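Some notes on the structure that comes next.
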């Protein structure tokens, strides 16, 4: 190994050993730039707003990251988010919030399993399979709900527990809007990062995505691993739907539209490889934060020749740049 | 005309494949092949492209099942229906690009599918430290020195990767190692190293089968070689019985056995 030498060597060492160093550097860099150049950016209100906006995506990105590491994609997460929101919200409004919670989790996980089963039994690429189930699930939701939006004025305590204002923190920071979903998200991030990097299953996920043939040759049950990852992806989408309803007390059939690509973008910006075999949950969280921060920053910047509607384009450019940067870091060693 | 002595193997050999036939639809890849190998024997499997070498090996590895015929292992008839079952019997395949996951570390690759766990309370976690230590030590025992077990396999050279896969097989008690073109795309120095690991495996009484086009490498390390041509086994010979040219003739069919 290299003898410990100059700061430059140590710096390079950190970047090559850690998968999160790159995205973290990007996050820090953009944060500093926006804080300096954009008025009103560096306020607790703005920052907590960014964090809140990224929790819903962050939750989905957890599942998406794990799935992408195993080499697959799930485009149906947006639809599953709506399914979760309806199951939880509908039953909570009918007086059965806990049952709603349970059903939302179980049903979305099962629908994820269906995605996985279709994949392993037909061999059709997951991109195509989930493109199909995306429309299938949302279409079924349309039919079952008859397009009815859910909306409630009852402020049940469970909504507060799930995604209410986190007053404990808010009291320290003026005009902050920390929400409880942040805590739930951190718990999930830590849980799944541990599963990914410290368990046998996690090892198999990396192997299946990195070289499915080698994994199969070593006795790994590739099909089971992929189906489980799809279940997790569905589950996370369901959780996101639950958090959505708990925050806004409403859900529509179209809720969650676009979340699939947003989550994939967060994963990629956070260092997950599109081709599979590498990535981290922390990275996905950082990726979601970066994108959310950019959105907010561009809107606040109010650039005259870039109407706020075009912030998507700037976000898009940054995603590409971040992905190139992460790739560059990875290939340096 | 040289007197050629064909080696006789049978049901008492370590591995004996009897009258194996494999058809893919209307194509017959293997026709009534008999193939056997003993403990501690290093066998080269020679044959032109499409002759059937890979198919034979894949049957032994559990990737294909024979259309007819029977495999015997240590004297007992066995069914090998998957790579996992092959591994459980003691047959390990070391394919250059299919044995390891390049993005993962050496120790994670070493223990892939057989991860060591330690329990914290009721939950099992990977015992990463133990895995790294055992990995480094057992590779050292075979003569393979690695800098760090947490290094990514992708950053190693082709020969180093082969050696890790061989070391893994030896550590986990493989009885038969199967290598596919182990020395192609390697430098001279690396080739020598890989051949030395094969020697080491032989000294531990493992049987080694390696597929190769390189007759010269056969001479360097194999005890014997089997020539396959167009799905038929042409014969198994001791090293030295035939010249390199004779072997080439056997492979292409310019010479009948």
**Report entry** Test result for residue B:12, without any contact (Cβ under 8 Å) to a residue 40 or more places away in the chain, more than 14 Å from chain A (Cβ to nearest Cβ) and not in a strand (DSSP E or B)
**Finding:** no
Query raised in the report: With (1) within 14 Å of chain B (Cβ to nearest Cβ); (2) modelled with pLDDT of 95 or more as the list, and residue A:136 as the residue in question, which single condition is left unmet?
Result: (1)
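Residues checked against (1) within 25 Å of residue B:242 (Cα to Cα); (2) more than 14 Å from the chain's Cα centre (by Cα); (3) at pLDDT 90 or above:
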{"residue": "B:183", "(1), (2), (3)": "yes, no, no"}
{"residue": "B:199", "(1), (2), (3)": "yes, no, no"}
{"residue": "B:208", "(1), (2), (3)": "yes, no, yes"}
{"residue": "B:212", "(1), (2), (3)": "yes, no, no"}
{"residue": "B:217", "(1), (2), (3)": "yes, yes, no"}
{"residue": "B:220", "(1), (2), (3)": "yes, yes, no"}
Query raised in the report: Quick one: in region A:162-201, which of the residues that are under 20 Å from the mean Cα position of the chain (by Cα) and exposed (fewer than 14 other Cβ atoms within 10 Å of the Cβ) is farthest from the other protein chains (Cβ to nearest Cβ)?
Result: A:186
Report summary line: Among residues of region B:105-115 being in contact (Cβ under 8 Å) with a residue 12 or more places away in the chain and under 14 Å from residue B:167 (Cα atoms), the residue farthest from the other protein chains (Cβ to nearest Cβ) is B:106
Report summary line: Counting only residues in region B:220-247 that are touching a strand residue (DSSP E or B) at 6+ places or on another chain (Cβ under 9 Å) and part of a helix (DSSP H, G or I), the one farthest from residue B:141 (Cα to Cα) is identified as B:247
Report summary line: The condition of being over 20 Å from the mean Cα position of the chain (by Cα) and in contact (Cβ under 8 Å) with a residue 40 or more places away in the chain holds, among B:69, B:121, B:90, only for B:69
Report summary line: Taking region A:202-217 and keeping only residues that are surrounded by fewer than 24 Cβ atoms within 10 Å (Cβ to Cβ) and at the interface with chain B (Cβ under 7 Å from one of its Cβ atoms), one is left with A:213, A:216
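For region B:126-141, how many residues are over 9 Å from residue B:106 (Cβ atoms) and surrounded by 18 or more Cβ atoms within 10 Å (Cβ to Cβ)?
Here is the first cut: in region B:126-141, the ones over 9 Å from residue B:106 (Cβ atoms) are B:126-131, B:133-134, B:137-138, B:140-141.
This time we only want the ones that are surrounded by 18 or more Cβ atoms within 10 Å (Cβ to Cβ), so: B:126, B:128, B:131.
The total comes to 3.
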Query raised in the report: Which one of these does residue A:274 not meet: (1) crowded, with 24+ Cβ neighbours inside 10 Å; (2) in a loop (DSSP other than H, G, I, E, B)?
Result: (1)
Query raised in the report: Hey, residue B:220 hits all of (1) more than 30 Å from residue B:28 (Cβ to Cβ); (2) out of contact with any helix residue (DSSP H, G or I) (no Cβ under 6 Å at 6 or more places or on another chain) but one; which does it fall short on?
Result: (2)
Report summary line: The one condition residue A:215 fails out of (1) modelled with pLDDT of 90 or more; (2) out of contact with any helix residue (DSSP H, G or I) (no Cβ under 6 Å at 6 or more places or on another chain) is (2)
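Could you check how many residues of region A:224-269 are assigned to a loop (DSSP other than H, G, I, E, B) and touching a helix residue (DSSP H, G or I) at 6+ places or on another chain (Cβ under 6 Å)?
Step one: filter region A:224-269 for residues assigned to a loop (DSSP other than H, G, I, E, B), giving A:249, A:252-258.
Checking the rest, the ones that are also touching a helix residue (DSSP H, G or I) at 6+ places or on another chain (Cβ under 6 Å) come to A:253, A:255-257.
The qualifying residues number 4.
Going by the structure shown, is residue B:71 more than 11 Å from chain A (Cβ to nearest Cβ) and assigned to a loop (DSSP other than H, G, I, E, B)?
Numbers: more than 11 Å from chain A (Cβ to nearest Cβ): yes; assigned to a loop (DSSP other than H, G, I, E, B): no.
No: the conditions fail for residue B:71.
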Report task. Could you figure out which of (1) within 14 Å of chain A (Cβ to nearest Cβ); (2) over 15 Å from the mean Cα position of the chain (by Cα); (3) in contact (Cβ under 8 Å) with a residue 40 or more places away in the chain; (4) crowded, with 23+ Cβ neighbours inside 10 Å isn't true of residue B:102? Result -> (4)
Requested in this report: Please indicate, with yes or no, whether at least one residue in region B:25-39 is touching a residue at least 40 places away in the same chain (Cβ under 8 Å), in contact with a helix residue (DSSP H, G or I) (Cβ under 9 Å, 6 or more places away or on another chain) and not in a strand (DSSP E or B).
Outcome: no
Report task. Starting from region B:184-204, keep only residues that are more than 18 Å from residue B:95 (Cβ to Cβ), then list their pairs with residues that are not in a helix (DSSP H, G or I) whose Cβ atoms are within a distance under 7 Å, requiring at least 6 positions of separation or different chains. Result -> B:196/B:143; B:200/B:143; B:202/B:40; B:202/B:42; B:202/B:208
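Per-residue answers, yes or no, for (1) out of contact with any strand residue (DSSP E or B) (no Cβ under 8 Å at 6 or more places or on another chain); (2) within 26 Å of residue A:89 (Cβ to Cβ):
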{"position": "A:139", "(1), (2)": "yes, yes"}
{"position": "A:150", "(1), (2)": "no, yes"}
{"position": "A:159", "(1), (2)": "yes, yes"}
{"position": "A:174", "(1), (2)": "yes, no"}
{"position": "A:215", "(1), (2)": "yes, no"}
Query raised in the report: Out of all the residues in region A:229-251, is one or more under 30 Å from residue B:165 (Cα atoms) and either buried (at least 17 other Cβ atoms within 10 Å of the Cβ) or at pLDDT 95 or above (or both)?
Result: yes
Report summary line: residue B:57 fails exactly one of (1) touching a helix residue (DSSP H, G or I) at 6+ places or on another chain (Cβ under 9 Å); (2) surrounded by 15 or more Cβ atoms within 10 Å (Cβ to Cβ), namely (1)
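If the requirement is being surrounded by fewer than 19 Cβ atoms within 10 Å (Cβ to Cβ) and either more than 14 Å from chain A (Cβ to nearest Cβ) or touching a helix residue (DSSP H, G or I) at 6+ places or on another chain (Cβ under 8 Å) (or both), which of these qualifies: B:119, B:84, B:76? Working first, answer last.
Values: B:119 fails: either more than 14 Å from chain A (Cβ to nearest Cβ) or touching a helix residue (DSSP H, G or I) at 6+ places or on another chain (Cβ under 8 Å) (or both); B:84 fails: either more than 14 Å from chain A (Cβ to nearest Cβ) or touching a helix residue (DSSP H, G or I) at 6+ places or on another chain (Cβ under 8 Å) (or both).
After ruling out the rest, the residue left standing is B:76.
The values are calculated or read from the model by the stated rules, or taken from the named source; none is laboratory data. Just so you know, these numbers come straight off a predicted model, no measurement behind them. Quick reminder, even Gly has a Cβ in these numbers, built from the backbone with ideal geometry, and neighbours come from all protein chains shown.
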